[in-house]
Amino acid sequence: MSTPADQQARDRALRLDRHVITIAPAGSGKTGLLVRRALRALASVDTPEAVVCITFTNKAAAEIRLRIVEALELAEGPVPDKPFLQGLYADAGAVLDQDRAKGWALRRHPDRLQAMTIDAFNQTLAVRLPILSGFGGPMAITQDPQALYTDAVLAVFEDEAHGATEAADRQAIQRVLAWADNRLDQLLPALTGLLAQRDQWIEHLDALLDAEGTADRQLLHSLVRHHLRRTAAALPPGAQVAIADAAAHARTHWPDPDQHAELDLGAWPAEDPDQLPAWRFVAHLLLTGQGEWRRTANRTLGFPTSDRAAKDAFVDTLQVLASSAHSDALRGLLDRVRRLPEPSLPEDSRTLRAALGRVLRLAYAQLRLQFASRSEADFTEVALAAITAASGEGGSEAIARTDAQIRHLLVDEMQDTSESQIRLLRELTANWQPGDGRSLFLVGDPQQSIYAFRKADVRLFVGLIETGQLGALTLHVEQLSANFRSTPALIDWFNGQLGRLFPDRSDRTIGTVTYAPCTPGRTNGSATGVQIIAVPSAARDDEVNAAVDTIVALAHSTPNNERIAILAATRPQLTPVLDALRARLDEPVQAVDIDPLADRPDVRDVVQLIRALRHPEDRLAWTALLRAPFVGLQWADLVVLSRGRVGASWPDRLRAPLPEALSEDARRRLERLRLALTLAESRRADLADAADALWTALSGPACVSGEDFDAIRRLFRLLRQCCRGGELDDWAGFERQLAQLYRGAGRGRIEALTIHKSKGLQYEHVVLVGCGRPPRGSDRPLLHLRSVDDGVLLIPRPEDEQLPGHAQYDFLHSLSSDAGEAEAMRLLYVAVTRAQESLHLVAGVGTDSRGQFKPRARSIAARLWPVLAPTFEPLEPEEPAETPDTATDSAGTLPTLARLPSDWSAPLPPPLWSPAERRTLKPSEQVLEPDAITGVGDLQATLIGNMFHEAMERVIVDGIEQWSDAGRTRQTPMRAGFRRMGMPEDQIDIATTRVSDLIERTLATDCAAWMLGEHPWHASEYAISGWVDGQWVSAVIDRCFETATGELWVIDYKTTRHPIVDPTARKQYQAHAIAQYTGQLQQYGRLLAQLRGRDQARLGLYLAELGKLIDLSDGISATT
């Protein structure tokens, strides 16, 4: 492979004599670069703990440690051929030298490598605080922080209700309650959300309590000025002068000469909020009341017909603006100018905000009490404690110890950082001095910042890039461009099509980023590139069918070792595709966190059963229980039971004498229910046991599939975990944890997942579905919290739209919407850059009232429309197919309730019987060598055989051509595998060389392609069991297949620990193997033939040491 185009930037990023921030787009080898810098840092320090690598997931931290260890193992061997590996080899070799000199023993003690998540790093700092600080000592991380936030907020209002608060605080609480119409259920989500985000406002609490709003004025002034600057910068060259001339002319000739007399329009208005009237006049001049570009002008706009030249010049300017490259964006900016607020909060909003500040202060105090009483905290509290420790506050000496220990700090995924993490880095590096031998390395990709819901703020990373500063540290910015993941065809599409949809410049006030062009890092690969599947219909089913057709065709046309990803922005966009795909594709599909257990009907029935047992007065839950399939009452039965008893609870109704009008079927069902309830009541000391017993006694397992049965067992396990003393006190917490349980992902090369889940992964083929369906819209929240410069704005939504303060709230809401749109574009970038070989975009687009194709707003198709539109132009819109009414059947009757028969009873189990099982060992699990006695040699022979088997299975999956080097480049993972198997360290290199030799010998044989290649049906490590010769046999067949001519083959591999050189010994070895294994292979053959419906199977014994496949069907050597 040739040298990457960005090699010089990569080299500069590895220099330890400066602090570096590296922008690493998708596929650029970011982790590899970080690992190399970590290796160079390790080679320069006295202890490995002086190098700290921070990332954001446990998986990423484990990968960093693993890759460092693998690099050290690589450095133990010969110099590799590939240039990248040569650089890695040299860096790792320097670490090995330092390892030996200092006695680190990193390969035996990899836990000394300090690669950890930011949360783990925060904990290491927080526990150093003294006990009296309120956090010192170990504290567990809560698994349900929302429960703590809720309890803290409720405690504030309970104290107020009992008169336990001061007068000023009580007035603030009452003001906040009045603002929410005394609806605590509406107020609770807003306040708990603010507690979760307290790292953003806790520093600025004094400003929030300020009813004068001094900080508000400054921050709003900054935001308004910034929007004016954005608008001016978006104008085409020369447009400012033309617009200013037109505005001056219009004001002079305005129908009412006094209306705009105070405006100074002699030049383009300054980018100052004081000039807002002039800006609004310009926006009104250019746009219609609906926010569209004006097409002409008349005297009502200040262009009388007598002044034709001025009017024509203005119309020409309008045409230039409407046809500019970013016309829509400019139009949106000007439209917002008309609604820009005055840069201050009205008095009512200020007093409400101050009241909210008081309530938040009280809630945070209650939250701290919750932490102390439960000896647990959330990640945000740990982060705040870490900042306190790093700053040396609270009597802590943690900063002194940490500052002395850390010499090199490396932070991955910086685009996902938050304000508290930036503050921590600033505190940790506050005492660093130029030339002191310490270094900071930050790496990330602003285009892949997609976790705003986890408090990630891309504006912080953009700010570091633009300023080149972190506190007093000067950061050298390096931009990578080489993409080693995707084919040149895909990269051309990224640069030419996707790139033009991103803004021309980044905006760290809003959170928009530019597109960074990439260069091909590989020359091979498919020329397929990007395929657009245009569906000329807005109907969901049409788009789903097109997606399924695409996936099925891709699955049938690609090799089995190539993975396919089905991506969508949201789970609801994936679900219908998965349902349709499973009905058509005879291949397993992994679904990663797609199908929530709580959405399954059978699980919902059991949840209602639990609710009914927990609260006898929960009428809705009892109604659902009585209608569930395992009880099965009809609506008519419920009506009869309720007559004259509406005021009674359902348990009371069921205990009373049954009405005579009740059907016989219902009587039988209720009798069974009464018996089951009696059993459940006997176990009521434990809610989980009672619910489990009730469901089982009602024959619930007979009503569900095996998969739903497993889901319900998981539900009961969760219930037991959440119960304390047999009772479930926190139902909301139970539901939150239930919402995190999903149907098992399954296995297979086809994987369905959301784009967020796909971050950091790659697939040969990517199918992006749901492009025509917008995600669910979000409501306007009760308040908006936004970090601005060095402050924070908290603006509540006024009770009435006509009240003052709505313009300021709307402005912040629009900024939040802009940030969401910017993240949606970055989400699209993440989705398409997962592809290695091909990308398939499936988009369904309907038409507008004029019959023109128009994608739905906020859909992926809408964002990609400049790219998709040419594909739709030649198509004719499809008429939506009529969807049958599923509420009624063909006869027009309501569907019947699925339920057990009233007289159903569980069948008796068959008599207990256990067949005598004889487990047949694979030949590879037995040792043939005469000197193989129990001990180290025996273990070594077994492990060599196991590793050889794993290698053969991998060869079959990858293809022989991928193993042309006989696995020499895979010796590092082989060594790691032997360690996991328990092989003594001094034997690992010998065993690895032995396996590589056996692989090389095998792949050089004439039978390799036939034995290890594809067949109409084939399998490796195939587990089977059944009756053979009157006994039960379990076996795992190393290799089996059916040839194109219909022959069924069973092949077993055999290895030896040592080479056999003597010709006589080789003959004896072959004879001994045939004698020992013929009988067992015959059993394998009969068992497999029986299961595959064949008369017989041919038997092959492959002796890897001899490179010989022996056909035991004929007793002769088939090939050598």
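The values are calculated or read from the model by the stated rules, or taken from the named source; none is laboratory data. The shown structure was predicted, so the numbers you read here are calculated from the model rather than taken from an experiment. Methodologically, a virtual Cβ is constructed for each residue, glycine included, from the backbone with ideal geometry; neighbour enumeration extends over all protein chains shown.
Things worth noting here:
- Failed item in (1) part of a helix (DSSP H, G or I); (2) crowded, with 19+ Cβ neighbours inside 10 Å, with A372 passing the rest: (2)
- Cβ-Cβ distances below 9 Å connect the following pairs, each with a first residue in the range 413-426 that is over 14 Å from L384 (Cα atoms), a second residue that is among the basic types (K, R) and part of a helix (DSSP H, G or I), and a separation of six or more residues or different chains: E413/K30; Q415/R826; D416/R454.
- Every listed requirement among (1) among the aliphatic types (A, V, I, L, M); (2) in a helix (DSSP H, G or I); (3) within 30 Å of P804 (Cα to Cα) is met by L340 save one, (2).
- Within the range 553-560, one or more residues are surrounded by 19 or more Cβ atoms within 10 Å (Cβ to Cβ), among the hydrophobic types (A, V, I, L, M, F, W, C) and in a helix (DSSP H, G or I).
- Exactly one residue out of E160, E212, E262 is among the acidic types (D, E) and assigned to a helix (DSSP H, G or I), and it is E160.
- Helices (runs of 4 or more DSSP H) within the range 697-776 that include 3 or more residues buried (at least 17 other Cβ atoms within 10 Å of the Cβ) and in the same structural domain as T570 (by TED's automatic domain parsing): 755-758
- Positions within the range 453-502 being touching a residue at least 60 places away in the same chain (Cβ under 8 Å), buried (at least 18 other Cβ atoms within 10 Å of the Cβ), in a helix (DSSP H, G or I) and in contact with a helix residue (DSSP H, G or I) (Cβ under 6 Å, 6 or more places away or on another chain), in sequence order: V458
- Some residue of the range 806-816 being of a type in the set (D, E) and buried (at least 16 other Cβ atoms within 10 Å of the Cβ): yes
- Qualifying residue in the range 833-844 (condition: within 30 Å of the chain's Cα centre (by Cα) and among the hydroxyl-bearing types (S, T, Y)): yes
- Options A105, A90: the member that is of a type in the set (A, V, I, L, M) and either closer than 18 Å to L33 by Cβ or part of a helix (DSSP H, G or I) (or both): A90
- Flag if R251 is out of contact with any Ser or Thr (no Cβ under 8 Å at 6 or more places or on another chain) and either over 19 Å from L318 (Cβ atoms) or free of Cβ contacts under 8 Å to residues at least 24 places away in the same chain (or both): no
- Residue check: L263 meets all listed conditions (1) more than 30 Å from P796 (Cα to Cα); (2) hydrophobic (A, V, I, L, M, F, W, C); (3) at pLDDT 90 or above but one, namely (3).
- Test: residue in the range 794-803 that is within 26 Å of Q447 (Cα to Cα), in contact (Cβ under 8 Å) with a residue 12 or more places away in the chain and of a type outside the set (A, V, I, L, M): no
- Test: F314 is touching a strand residue (DSSP E or B) at 6+ places or on another chain (Cβ under 9 Å), in contact (Cβ under 8 Å) with a residue 60 or more places away in the chain and part of a helix (DSSP H, G or I): no
- Residue list for the range 1101-1120, restricted to those being modelled with pLDDT of 90 or more and either part of a loop (DSSP other than H, G, I, E, B) or surrounded by fewer than 16 Cβ atoms within 10 Å (Cβ to Cβ) (or both): A1104, E1105, L1106, G1107
- When A565, A546, A569 are checked against the criterion of being in contact with an Asp or Glu (Cβ under 8 Å, 6 or more places away or on another chain) and crowded, with 16+ Cβ neighbours inside 10 Å, a single residue qualifies: A565.
- Some residue of the range 553-566 being closer than 30 Å to A688 by Cα and under 28 Å from the mean Cα position of the chain (by Cα): no
- Filtering A355, A297 for residues that are of a type in the set (G, A, S) and either in the same structural domain as H249 (by TED's automatic domain parsing) or at pLDDT below 90 (or both) leaves a single hit, A297.
- Which listed residue, of T165, T192, is assigned to a loop (DSSP other than H, G, I, E, B), out of contact with any Lys or Arg (no Cβ under 7 Å at 6 or more places or on another chain), assigned by TED's automatic domain parsing to the domain that holds S349 and farther than 19 Å from P343 by Cα: T165
- Looking across the range 866-877, the residues that are assigned to a helix (DSSP H, G or I), touching a residue at least 12 places away in the same chain (Cβ under 8 Å) and surrounded by fewer than 18 Cβ atoms within 10 Å (Cβ to Cβ) come down to P866, A869, T871.
- Residue pairs whose Cβ atoms lie under 6 Å apart, sitting 6 or more positions apart in sequence or on different chains, and linking a residue in the range 531-543 that is closer than 13 Å to A580 by Cβ and free of Cβ contacts under 8 Å to residues at least 40 places away in the same chain to a partner that is among the polar types (S, T, N, Q) and buried (at least 19 other Cβ atoms within 10 Å of the Cβ), do not occur here.
Rundown of residues vs (1) assigned by TED's automatic domain parsing to the domain that holds G29; (2) in contact with a Cys (Cβ under 7 Å, 6 or more places away or on another chain); (3) within 30 Å of H765 (Cβ to Cβ), yes/no style:
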residue	(1), (2), (3)
Y451	yes, no, yes
R454	yes, no, yes
V458	yes, no, yes
I465	yes, no, no
H476	yes, no, no
W493	no, no, yes
L498	no, no, yes
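- Hey, D335 without any contact (Cβ under 8 Å) to a residue 40 or more places away in the chain, more than 21 Å from H249 (Cβ to Cβ) and in a helix (DSSP H, G or I) or not: no
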